[in-house]
Amino acid sequence: MEKNCHRRRRLVLLPCPFQGHINAMLQLGTILHARGFSITIVHAEFNSPDPSNHPNFNFLPIPDGLSEADISSGDPVSILWRINANCRSHLRECLSQMMTAPAREGPDDGDIACIIYDEFMYFSEAVANSLKLPSIILTTMSAATFLARTALIQLVADGQLPFQDSVLQDSVPELYPLRYKDLPIPLFGICDTFSKLVLEAYKIRTSSAIIWNTMDCLEPSSLSHIKHQFQVPILPLGPMHKFAPASSSSLWKEDTSCMEWLGKQTKHSVIYVSLGSIASMDEKQLAELAWGLASSQQPFLWVIRPGSVHGSEWIEILPEGFKENIGDRGCIVTWALQKEVLAHSAVGGFLSHCGWNSTLESISEGIPMICRPYFGDQRVNARYVSHVWKVGLELENEMERGEIKRAVRRVMVEKEGEAMRERAKNLKENIELCIKEDGSSNNALNRLVEMIMS
Ligand code: UDP
């Protein structure tokens, strides 16, 4: 009864159109829907989510004005810059229509209580202000990444980039244990647009709170820094996927056949390998990874996205003799039900690019990680996994089969891995406490609901 008392108060959510960000925003929508709000997702046409996976939500696309060239550039920074420039008037029109439409008897016809937007969809705030609607920000990355990115932008402004090779291994003052090489440099390197985008996204404006997909128990000192820095409430209510019942927001079709294969493997024997939705590699790296996995002698489940290996459709360029070598010890899919895979008892390790969602999903299940970060926040997350929470190790060099084999053995079979697994189990238990009644994330969620209702 109590849960449904806000039914028909509408929340408008604006995800940033990349897989990791979409997942977090739709999880937040699911959480708030369960608290009785109706949810409208206003989204760019680019990478639009599949409405059929969320029948309780209302989906409204707005034109994003991206050209073929923008999209094929694959550059998240320039795509986001353009979306922020192009979408403002379309969002305003869309919201105005919602506000003036005659009341209907549907589940999604309430007044707009609040706009919740991804930090990188910051044009939404100006639109919300112009329509006198309250707004709240969702940050889908770690608190440590926020601090590291702020420091990086300052270093850029001070003319310190590119870094000399001689400083790369040095610690960045006040960002222990990050080194200069761990700072979140974007996919295509530092450029003016990146600095402008981050400065806009991180500007303190009029939104009334910042929701963070992290936990007090995981990042106490970074969060405490941030709480001092902002005047508005910081609400760490992660890991959001643990609050929200499993529902897919994948941009690719999931191959569920691997679940059957997993069912045949012994407990904690499988190393799961995935580099997320953006990172890619070349043919040589693919071959090194393939032979590293093969020679580790551990069973593996490997996600290779179509097109994620330069110059290939899918796995036709796997090295000769590889498939025969591994037999049924390996399973390769185009896209997996990652959260379910990580929760499966057969999985004992995760070789990951360390996107924030993947990192949260892994540590929430107590799975130790082999970190192979590529760009951006992945480097920060990898450093935290290996040096703060100590639930994994980082591959720092070029992809090399011997190093991969050793890393898999260290995490999956050796004593060192056992210790990581033990720490990962403790971390998992602490995370579970955060989302229980009276846990810090649950309290933050209650506070958010109260704020929206007040
Ligand atoms: N994911 C998935 N199936 C896969 C690979 C990834 O469902 O085969 C999901 C994963 O669970 C995570 C998201 O895709 O929620 C990737 O987000 P992340 O922040 O880890 O990395 P990004 O893709 O943004 O680099």
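The values are calculated or read from the model by the stated rules, or taken from the named source; none is laboratory data. For clarity, every value in this text was computed on a predicted model and none was experimentally measured. Note: ideal-geometry Cβ built from the backbone for every residue, glycine included; neighbour counts use all protein chains shown.
A few points about this structure:
- Residue within segment 220-238 that is assigned by TED's automatic domain parsing to the domain that holds ASN446, touching a strand residue (DSSP E or B) at 6+ places or on another chain (Cβ under 8 Å) and of a type in the set (Ser, Thr, Tyr) present: no
- Number of residues in segment 334-352 that are part of a loop (DSSP other than H, G, I, E, B), near the ligand (Cβ under 10 Å from one of its atoms) and surrounded by fewer than 24 Cβ atoms within 10 Å (Cβ to Cβ) equals 3.
- Conditions (1) of a type in the set (Ser, Thr, Tyr); (2) within 13 Å of the ligand (Cβ to nearest atom); (3) not in a loop (DSSP other than H, G, I, E, B): number failed by THR193: (2)
- Yes/no for CYS114 being free of Cβ contacts under 8 Å to residues at least 60 places away in the same chain, out of contact with any His (no Cβ under 9 Å at 6 or more places or on another chain) and of a type outside the set (Gly, Ala, Ser): no
- When residues in segment 17-73 are screened for being free of Cβ contacts under 8 Å to residues at least 24 places away in the same chain, assigned to a loop (DSSP other than H, G, I, E, B) and either among the hydrophobic types (A, V, I, L, M, F, W, C) or within 16 Å of the ligand (Cβ to nearest atom) (or both), 1 of them pass.
- Any hit, segment 398-419, residues being of a type in the set (D, E, K, R), in contact with a Pro (Cβ under 8 Å, 6 or more places away or on another chain) and in a helix (DSSP H, G or I): no
- Residue within segment 423-437 that is over 22 Å from the mean Cα position of the chain (by Cα), part of a helix (DSSP H, G or I) and modelled with pLDDT of 95 or more present: yes
- Among the residues of segment 323-359, the ones that are over 30 Å from GLU219 (Cβ atoms) and of a type in the set (Ser, Thr, Tyr) come to 1 in all.
- The residues in segment 368-396 that are of a type outside the set (Gly, Ala, Ser), closer than 16 Å to LEU275 by Cα and part of a loop (DSSP other than H, G, I, E, B) can be counted, and the count is 7.
- The residue that is farthest from GLU403 (Cα to Cα), counting only those in segment 306-333 that are modelled with pLDDT of 95 or more and either within 16 Å of the ligand (Cβ to nearest atom) or not assigned by TED's automatic domain parsing to the domain that holds VAL413 (or both), is VAL333.
- Close pairs from segment 398-416: first in the same structural domain as THR266 (by TED's automatic domain parsing) and free of Cβ contacts under 8 Å to residues at least 60 places away in the same chain, partner of a type in the set (Gly, Ala, Ser) and buried (at least 18 other Cβ atoms within 10 Å of the Cβ), Cβ under 6 Å, at least 6 apart: ARG410/GLY417
- Filtered residue count, segment 247-303, keeping only those that are polar (S, T, N, Q), more than 22 Å from VAL413 (Cα to Cα) and part of a strand (DSSP E or B): 0
- Verdict on GLY355 being under 24 Å from TRP335 (Cβ atoms), touching a His at 6+ places or on another chain (Cβ under 7 Å) and either aliphatic (A, V, I, L, M) or touching a residue at least 40 places away in the same chain (Cβ under 8 Å) (or both): no
Residue by residue, here is whether (1) at pLDDT below 95; (2) over 21 Å from the mean Cα position of the chain (by Cα) holds:
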site: GLY106; (1), (2): yes, yes
site: CYS114; (1), (2): no, yes
site: ASP118; (1), (2): no, no
site: MET121; (1), (2): no, no
site: LYS132; (1), (2): no, yes
site: ALA144; (1), (2): no, no
site: LEU161; (1), (2): yes, yes
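- For segment 262-270, the criterion of being more than 11 Å from the ligand (Cβ to nearest atom), small (Gly, Ala, Ser), modelled with pLDDT of 95 or more and more than 18 Å from the chain's Cα centre (by Cα) is met by at least one residue.
- Annotation note: of GLY263, GLY307, the sole residue that is under 20 Å from GLY355 (Cβ atoms) and either touching a helix residue (DSSP H, G or I) at 6+ places or on another chain (Cβ under 6 Å) or not β-branched (Val, Ile, Thr) (or both) is GLY307.
Here's the yes/no breakdown for (1) within 16 Å of the ligand (Cβ to nearest atom); (2) within 17 Å of THR214 (Cβ to Cβ); (3) buried (at least 24 other Cβ atoms within 10 Å of the Cβ); (4) among the aromatic types (Phe, Trp, Tyr):
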{"position": "PHE375", "(1), (2), (3), (4)": "yes, no, no, yes"}
{"position": "GLN378", "(1), (2), (3), (4)": "yes, yes, yes, no"}
{"position": "LEU393", "(1), (2), (3), (4)": "no, no, no, no"}
{"position": "LYS405", "(1), (2), (3), (4)": "no, no, no, no"}
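Here is a yes/no grid of residues against (1) among the small types (Gly, Ala, Ser); (2) surrounded by fewer than 18 Cβ atoms within 10 Å (Cβ to Cβ); (3) over 30 Å from SER221 (Cβ atoms):
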{"residue": "ASN58", "(1), (2), (3)": "no, no, yes"}
{"residue": "ILE62", "(1), (2), (3)": "no, no, yes"}
{"residue": "PRO76", "(1), (2), (3)": "no, no, no"}
{"residue": "LEU95", "(1), (2), (3)": "no, no, yes"}
{"residue": "PHE120", "(1), (2), (3)": "no, no, no"}
{"residue": "ALA128", "(1), (2), (3)": "yes, no, yes"}
{"residue": "LEU131", "(1), (2), (3)": "no, yes, yes"}
{"residue": "THR139", "(1), (2), (3)": "no, no, no"}
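- Top-ranked residue of segment 196-245 - restricted to ones that are charged (D, E, K, R) and not in a helix (DSSP H, G or I), ranked as modelled with the lowest pLDDT: ARG205
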